[in-house]
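First the structure, in the form of structure tokens, and then the observations on it.
The values are calculated or read from the model by the stated rules, or taken from the named source; none is laboratory data. What you see is a predicted model, and the numbers here were worked out from it, not measured in a lab. Don't worry about glycine lacking a Cβ; one is built from the backbone with ideal geometry, like all the others, and counts go over all protein chains shown. Side chains included, ligands, DNA and RNA excluded: accessible areas come from the protein's heavy atoms. Shrake-Rupley method; radii C 1.70, N 1.55, O 1.52, S 1.80 Å.
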Amino acid sequence: MIDANFEEMNSRSVSNIIQLGGTILKTARCEAFRTAAGRQQAYDHVKAAGIDALIAIGGDGTFSGAEIFSREFTIPVVCIPGTIDNDLYGSDFTLGFDTATNTVIEAIDKIRDTAASHDRLFFVEVMGRDSGCIALNAGIAGGAEAILLPEKATGIQALCSQLESAAKSKKSSTIVIVAEGEENGGAYNVAKEVKQRFDFYDTKVTILGHLQRGGSPSSFDRVLASRLGYAAVRHLLAGQTRIMVGLRGNEIKTTPLEEVLNKKVFKLSEDMLEMMEVLSI
Ligand code: F6P
């Protein structure tokens, strides 16, 4: 919008992309959009191009921009939750989370072969600066012995006690999932601290990084993307604005944008946190 880089699209413009990750629009975080002058320029271009509504797909950064833009200028805006972090209020799931979690599980399964064959202790770092959703879900689905999350402090001492009981129960492999934003400073730091206390462990670190942000979307994400895109257009046509469309209890529901931005989410259910500790014994 800022560069007036518009291209008219129709149904055929999205041919053969349902199986792809990434974005054909090449949209990304944009510093200029944080300034009033940048947004004014964007609006002038949008108006001149005859664009009469916007659909913004992204996480809280995208939504904050969309919210300010729709307040400053009279243009209808509907948002779609798209982030692997799954950390938005108003939708049980965000686009990309399921695919990213499946990628992590596939990696854990492969790492487990080496961990089990050679009695090694692996620290696998997954994405999530402020959100432990990928770590918790992939950790449970991948059978991890311990999971370190940004939302829940687990000191090195507590982790070491967990590892000690795993060793006592004669586990042949141990996998610890470390969310990138957890308090101990990431997988390398955690591995170093643990090694200092238990030098008999053969420790290894794997950082999954941007592997988690690409690849062919899961069927769940494809269906959810289709449902949310369809709903976003329907709501715009019905005259709605400043809302997010989301999935709640397998139904598409809308939430006012302000509420999405102002309400804190905690998507790590207490049940799952408790279960994680029991299952890892
Ligand atoms: O916000 C989503 C997220 O995938 C985080 O989990 C991760 O920390 C970050 O984006 C990575 O962003 P970038 O690709 O800019 O390094």
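For the chain, the share of accessible area belonging to carbon and sulfur comes to 51 percent (1.4 Å probe, ligands and nucleic acids excluded). When each of the peptides 266-273, 132-139 is scored by the mean number of other C-beta atoms lying within 10 Å of its residues, the order from highest to lowest reads 132-139, 266-273. For Met272, the shell of other residues with beta-carbons less than 14 Å away shows a net charge of -4, using +1 for Lys and Arg and -1 for Asp and Glu. By the gyration tensor of its Cα atoms, with a ≥ b ≥ c the square roots of the eigenvalues, what is the shape of the stretch 114-168: rounded for a/c under 1.5, prolate for a/b over b/c, or oblate? In terms of gyration-tensor shape, oblate. Can you give me the Cα centroid spacing of the stretch 45-75 and the stretch 162-178 in angstrom? Rounded to whole Å, the Cα centres lie 49 Å apart.
For Met275, what accessible area in Å² do you get when you roll a 1.4 Å probe over the heavy atoms of the protein chains, rounding to the nearest 10? Number for this one is 80 Å². Membrane-span-like helices in the chain: DSSP H runs reaching 20 Å or more (Cα, own axis), mean Kyte hydropathy at least -0.5? In the chain, the long hydrophobic H runs are 97-117, 219-237. Using alpha carbons only, the radius of gyration of the stretch 210-270 set against its Kirkwood radius gives Rg/Rh = 1.03. Here the stretch 98-214 is described by how far its Cα atoms reach on the three principal axes: 36, 29, 20 Å, from widest to narrowest.
Average projection, convex hull of the Cα set of the stretch 59-141: 6.2 square nanometres.
Here the sum of -39500 (n - 2.57) over DSSP H runs of 4 or more residues, divided by the residues of the chain, equals -13000 deg cm²/dmol at 222 nm, to the nearest 500. In the chain, one over the average inverse separation of all distinct C-alpha pairs is 20.6 Å, which is the Kirkwood hydrodynamic radius.
Beta bridges per DSSP, both residues in the chain: antiparallel share near 25 percent. Tally the DSSP beta bridges in the stretch 98-214 and give the antiparallel ones as a percent, rounded to 5. Looking only at bridges with both residues in the stretch 98-214, the antiparallel portion is about 5 percent. Residues in the chain average 54 Å² of solvent-accessible surface per residue, probe 1.4 Å, ligands and nucleic acids excluded.
Ranking Leu208, Leu25 from most to least accessible surface, computed with a 1.4 Å probe over the protein chains only, gives Leu25, Leu208.
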